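Presented below is the structure to which this report refers.
Bear in mind these aren't lab numbers, they're just calculated from the coordinates by the rules spelled out. What you are looking at is a predicted structure, and each value in this text was computed from that prediction instead of being measured. For neighbour counting, all protein chains shown are included, and Cβ atoms are generated from backbone atoms with ideal geometry for every residue, glycine included.
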Amino acid sequence: MRAFACPVCQNFASFERDRCGSCGAALGLHLPSWSMVALQDGGTTIDGEAWVRCTQSDPLGCNWLVPESQDPAARGRCLADSLIRREPDPDDTIAREKLAPTAVALRRLVYQLDWLGLPIDPYWRRDGGLAFDLLSSYSTGERITIGHADGVITIDLVESLDAYRETLRVRLGEPYRTMLGHFRHEAGHYYQNILVETGAGAQRYLARCRDLFGDERASYADALARHYEFGAPPDWQESFISEYATMHPWEDFAECFAHYLHITDTIDTAREAGMVLHVDRVRFTGPRDIVPLESYADVPIDRLLFDWKWMSLFFNRVNTAMGKNPLYPFEIGKPVADKLGFVHQVVRESAA
């Protein structure tokens, strides 16, 4: 992710903070410019337009700005928070406590989607538009299934509980499970539907998508039952990014889309920190200096994955030095690289 600086003192400003930790200036995130701006009396003027804080600044800790002349259908919310269609009742204090950190993950997703230029068409603007139902099975006892259907992404807030999520990760044998990962995966389902399977994208991408991922018309229910009874095939790592990706072509695409977001966001973060791997300063043989690009939109996927291979080696070593699991414990073989290349093509050709 892009690094932010306080416009008053130029010190580092966190993505989630509404005040500078150094000088105390009031800050707000201005999405159109992907930057932090300083506020006076809760607002500011940018290019002649008045901007104010999102109405979720108090209940959800949002630091994003909205135009004062915003569409009333957005309810005074920033783009990310306006996508929340359903949320726990105000008197459900247990669930509401977990809503705020979940909304941070949602804002990270929306910021990256906007940065990549992907279309974000809210449900309140058109039928079938993007929406999020952030519900809780923990406080209500209601069965909540994380998933996507007709533009609506459902997330179970119980996944924000570290103990619950980690227990589930271990039981399912997953190397990685986070709330942001859920958002990225489910967004993959949404974009496969609107960019690949329907509209103009179907003629352009669908045949190639089926060649790479398989026919999405195969029974999902049968695939689900088969996966949970027999698991992934023994040789799954040769052609898939994860065991879950083996279940059905839809899940394969969604997993690859999520990993594309993982990789691009992490390597962007490294670049924004000025990180460069100098081949003459490491103890192992490297091909060349690894200098992350400002953008990988105009280069083949091979360049992105080459840089990522070496950067992730460093990130994995940092994590293990702290007694943690490797940051990116995944192998990317040729079949997976081809799938990521397809996602890369769809993303860059669909960019606004």
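Say we join alpha carbon atoms closer than 10 Å with springs in a Gaussian network model of the chain; which of Ser57, Ser219, Ser35 then has the biggest fluctuation? Residue with maximal mean-square fluctuation among Ser57, Ser219, Ser35: Ser219.
At 222 nm, what helix-only mean residue ellipticity would the chain give, in deg cm²/dmol to the nearest 500, using -39500 (n - 2.57) for each DSSP H run of four or more? Display every interim value, and only then the final one.
Details: 10 runs with 143 residues, N = 352.
Mean residue ellipticity at 222 nm (helix-derived): -13000 deg cm²/dmol.
Residues Lys98, Lys309, Lys339, Lys334 in ascending order of nearby Cβ atoms (within 10 Å, fewest first): Lys334, Lys309, Lys98, Lys339. Separation of the range 216-230 from the range 1-54 is 47 Å, based on Cα centroids. Under 14 Å from a label point 7 Å along Cα→Cβ of Arg208: give me every residue in the range 312-352 with its amide N that close. Hits in the range 312-352 for Arg208 at 14 Å: 338-351.
Can you give me the relative contact order of the chain as a percent, contacts being Cα pairs under 8 Å and 6 or more apart?
Rounded, it is 12 percent for the chain.
Ordering Arg85, Arg303 from the fewest to the most neighbouring beta carbons within 10 Å gives Arg303, Arg85.
Seen through its C-alpha gyration tensor, with square-root eigenvalues sorted a ≥ b ≥ c, the range 200-350 comes out oblate because a/c lies at 1.5 or above while a/b is not bigger than b/c. Backbone N atoms of the range 12-41 closer than 17 Å to the 7 Å Cα→Cβ label point of Thr178 belong to residues 14-17. The GNM of the chain, with springs linking C-alpha atoms under 10 angstrom apart, assigns the highest mean-square fluctuation among Phe230, Phe213, Phe330 to Phe230.
Using 0.36 nm per residue and subtracting the Cα-Cα separation, the extra length available between Ala218 and Ile46 on full extension is 56.9 nm. Sorted ascending by nearby beta carbons within 10 Å, beginning with the fewest, Val279, Val152 become Val279, Val152. Relative to the current alpha-carbon distance between Cys9 and Asp58, full extension at 0.36 nm per residue lengthens the span by 15.1 nm.
Comparing Glu159, Glu97, Glu142 in a Gaussian network model of the chain where C-alpha atoms under 10 Å apart are linked, the largest mean-square fluctuation is found at Glu142.
Mean separation of Cα pairs under 8 Å and 6+ residues apart, divided by the residue count of the range 200-350: what relative contact order is that in percent? Please list the in-between numbers first.
Details: 137 pairs, mean separation 36.2, N = 151.
In percent, rounded to a whole number, it is 24.
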